[in-house]
Each structure stands twice: as structure tokens, then as C-alpha cells.
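Notes follow the structure.
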Amino acid sequence: MIITIGREHGSNGHLIASALGKELGFRCLDKEIVDRAAEDSSFNKAILASYDEKRISPYISSAPHYMGMGEGFRLSTQIAAAQFDAIRNLAEEGDSIFVGRCADYVLRSRKDLLRVFIMAPVEFRVRTMMERQGLTEDQARRLIKQVDKDRSSYYKYYTDQAWGDIDNYDLCINSAITGIDGAVMAIAGVVRSLKREA
């Protein structure tokens, strides 16, 4: 079974993914995707991390979506391709949870895929980032806006779809209502139900 988790910044998506992995006995793959891409490609981790889920400039002519890596593709596209190849390879190795990086789109042809999106109201996310990183309210708002803009641009560029659009997911969860534990139990319940039906 493969679970992909998209998340708004400050919605506790990574913490939910990590706790879900422990609940289900699945590997949780977030920065590990970057590590694997570095192992399997000619890029080092520092370069991969610097382009990780970053906004794509609108002034660079774009392909409508990821179609593979070849001559003429600019560096960011080659790095994304390395990450997407890593995601595919990791998915073949067993039950896994993938956090971000267009994994829901990259793995869309799999029959064992559950696509989840974690969201929360801005005020909740601002409080979360203020507490987690010791930011002022203005700093937290700016950070959330920037990270979400980066993720949205990255997703749109490589999938030609809208990040956070409910049509792209099987399950959407408001973590401000469920909390981390409630989100984990909701997703785990769906996974167990799907496994019983399989």
C-alpha cells in the first residue's frame, strides 16, 4: 500500500505522516526522497535540497508536465526528475508514506494508492509555526505564504494540476479539527478498510 500526503505549511502534515507510519508499520519518506535521489543520480544532496519543492519562475518556458529527463532540460527539471525516479523506486520496495514532491501524481497509475491532503485554517497554521519555530505572527504568516506558494508552483509546473484541489485527492483532512492523533486514526481506518476489501 502506498499513501501520499500533500500538506499546507503549518498543518502538521509531516508529524501526521510520521505518526501514521508508526501506527501502520509503514516507512515514512520525506527528506529521505532527497537522500535516495542523491544516491541514484549525479546530484549531491545540497543541490537537491536547494531545489526541493521550490517555486518555478514564470519567466522560464515550461513543459506542461513532467515527461522525463533529456538534453536541454534545465537543472531544476533534471533534479525533479531524479526525485520522481527515486519515488518510483522507493514505492517498489514496500508499504510507504510519501510526503509531498508530487508523489500523488508520480504514482497515480498504481492501484494500491491512497492520496491524502492535510489542510488547516491560516490562523491555526500561524499559531503552529509561531510555537514550533519561535516566530512572530508576521514572520509566521510570511513563511506560510511563501512555502505554500512554492509548493503550489512546483506542483502546477510538474503535474499541470492545482495543488490542494480536492479532485486530486482521495481524502482531505482538516488537522485543526482532528489534531494529529485524530488525523492518524482517520487515515489508518481508511487504509485498513481498503486492505480488507482488497
Next item on the list: Tell me which residues, restricted to region 77-129, are of a type in the set (Phe, Trp, Tyr) and closer than 21 Å to residue 54 by Cβ.
Entry: 84, 98, 105, 117
Notebook entry, point to check: Mind checking which pairs have a first residue in region 96-112 that is farther than 19 Å from residue 9 by Cα and a second that is aromatic (Phe, Trp, Tyr) and surrounded by 21 or more Cβ atoms within 10 Å (Cβ to Cβ), Cβ under 8 Å, 6 or more apart or different chains?
Noted result: 105/155; 105/158; 106/84; 107/98
Next item on the list: Check region 39-53 and report whether any residue there is under 14 Å from residue 102 (Cα atoms), modelled with pLDDT under 50, open to solvent by 20 Å² or more (accessible area, probe 1.4 Å) and in a loop (DSSP other than H, G, I, E, B).
Entry: no
Item checked: Among (1) within 16 Å of the chain's Cα centre (by Cα); (2) more than 29 Å from residue 109 (Cβ to Cβ); (3) of a type outside the set (Gly, Ala, Ser) - the single one residue 165 does not satisfy -> (2)
Item checked: Subset of region 17-29 [buried (at least 20 other Cβ atoms within 10 Å of the Cβ) and within 18 Å of residue 102 (Cα to Cα)] -> 17, 28, 29
Margin query: So the check is Cβ under 7 Å with 6+ separation or different chains; which pairs have a first residue in region 130-158 that's open to solvent by 60 Å² or more (accessible area, probe 1.4 Å) and a second one that's in a helix (DSSP H, G or I) and aliphatic (A, V, I, L, M)?
Written below: 130/140; 137/126; 137/130; 141/126
Check: How do the helices (runs of 4 or more DSSP H) wholly within region 79-198 filter down when requiring 2 or more residues that are at pLDDT 95 or above and acidic (Asp, Glu): which remain?
Finding: 122-133, 137-159
Note to self: Restricting to region 1-16, give me the number of residues that are of a type in the set (A, V, I, L, M) and either surrounded by fewer than 16 Cβ atoms within 10 Å (Cβ to Cβ) or part of a helix (DSSP H, G or I) (or both).
What the structure shows: 2
Notebook entry, point to check: Has region 78-100 got any residue that is among the polar types (S, T, N, Q) and either in contact with a strand residue (DSSP E or B) (Cβ under 9 Å, 6 or more places away or on another chain) or open to solvent by less than 10 Å² (accessible area, probe 1.4 Å) (or both)?
Noted result: yes
Notebook entry, point to check: All but one of (1) under 16 Å from the mean Cα position of the chain (by Cα); (2) in contact (Cβ under 8 Å) with a residue 60 or more places away in the chain hold for residue 181; which doesn't?
Noted result: (1)
Note to self: Against the conditions (1) in a helix (DSSP H, G or I); (2) under 13 Å from the mean Cα position of the chain (by Cα), where does residue 35 fall short? Just the number, please.
What the structure shows: (2)
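The values are calculated or read from the model by the stated rules, or taken from the named source; none is laboratory data. Predicted model only: the values in this text are computed from it and were never measured. A quick note on method: Cβ atoms are made from the backbone with ideal geometry, for glycine too, and the neighbour counts reach across all protein chains shown. Side chains are part of the model used for accessible areas, which takes the heavy atoms of the whole protein and leaves out ligands, DNA and RNA. Shrake-Rupley method; radii C 1.70, N 1.55, O 1.52, S 1.80 Å.
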